[in-house]
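Before any comments, here is the structure.
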Amino acid sequence: MDQLTSATTVGIVKLEGAKNWNVWKFQVGVLMRGLGVFEIADGTRVKPEAEADLSAWLKEDSKAQSLIVTRLSESVMLHVLTCTSAAEMWRKLHSVYEQKSDTSIHMVQQQFF
């Protein structure tokens, strides 16, 4: 990773599970947008068919994968070990934690309000 990437990732927490999913998703999403790779992770910029464009896409996908994987606890990383792209990792994490996180927030709101 380049110096910009290293410098901007210092304060980003590791994803531990549903308890910090929303904060992690926000921080990593902002970082990926700033580095121009969020569209790779969210799947809107798909793997190109043309050989000329493939090399650049693979480099960006690797950057997005690195940004995701280096911010996961070991237990969370088990969910993405078989993923082959940043988009697949992002979707997998969403499928595991998005519902649980929403449920947790609702339960906390019911307790305090």
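If you take the alpha carbon atoms of region 18-111 and fit the smallest convex hull around them, that volume is 94 Å³ per residue. Each peptide in 84-94, 68-78 was scored by the mean count of other Cβ atoms within 10 Å over its residues; highest first, the order is 84-94, 68-78.
A simple spin-label model places the labels of V46 and F26 3.2 nm from each other, with each point 7 Å out along Cα-to-Cβ.
FYI, it's all coordinate maths here, none of it is from the lab. Worth saying up front: this structure is predicted, and the values here are computed from it rather than measured. Don't worry about glycine lacking a Cβ; one is built from the backbone with ideal geometry, like all the others, and counts go over all protein chains shown.
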